[in-house]
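Heads up, the thing below is written out as structure tokens.
Read the figures in this text as sums done on the coordinates, not as results from a lab. Predicted, not measured: the structure shown is a model, and the values here were computed from it. We place every Cβ from the backbone using ideal geometry, glycine too, and count neighbours over all the protein chains shown.
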Amino acid sequence: MEAVKDPVRVKRMFAEGEVSMVDPVSKYRYSLVAKCPKDGGDAYVDRFDKAGHSLSRVVFQCGTCLNQFEAQVDDVMVI
């Protein structure tokens, strides 16, 4: 599956403090992903911090160049 913008799902995942979420109907597991600012490759969650039950910080790592970075919520997608 290709990464897609889904701001509603991403904001819900951040609010619920989850980096992945199972769709109750399709049973598909959605995961947070971002585009690497260096090479544009898919970057997956490497680590995260929570504030209460919400995600406060998510660090992504590019699968190609291994660059680690934080992305703004609006730049995060799901795959």
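One table, with the values for the structure above:
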item	result
Extension gain (nm, one decimal) between His53 and Asp74, 0.36 nm per residue minus Cα-Cα	5.6 nm
Least to most buried among Val19, Val76 (fewest other Cβ within 10 Å first)	Val19, Val76
Rel. contact order, % - alpha carbon contacts under 8 angstrom, at least six apart, the chain	35 percent
Rg(Cα)/(2.2 N^0.38 Å) for the chain, N = residue count	1.04
Fewest-first sequence of Ser26, Ser20 by Cβ atoms within 10 Å of each Cβ	Ser26, Ser20
Of Val58, Ser26, Ala3, farthest towards positive along the dipole that unit charges on Lys, Arg, Asp, Glu beta carbons give the chain	Ser26
Total charge dipole magnitude, the chain, about the Cα centre, Cβ charges on Lys, Arg, Asp, Glu only, Debye to nearest 20	160 debye
Sum of side-chain charges, Glu16 neighbourhood, beta-carbon under 11 Å (Lys, Arg +1; Asp, Glu -1)	+3
Degrees separating the helix 7-16 axis from the principal Cα axis of the chain, which is the longest one	70 degrees
The chain - mean residue ellipticity at 222 nm from DSSP helices (-39,500 (n - 2.57) per run, n ≥ 4, rounded to 500)	-3500 deg cm²/dmol
Residues Met1, Met13, Met77, Met21 arranged by fewest to most Cβ contacts within 10 Å	Met1, Met21, Met77, Met13
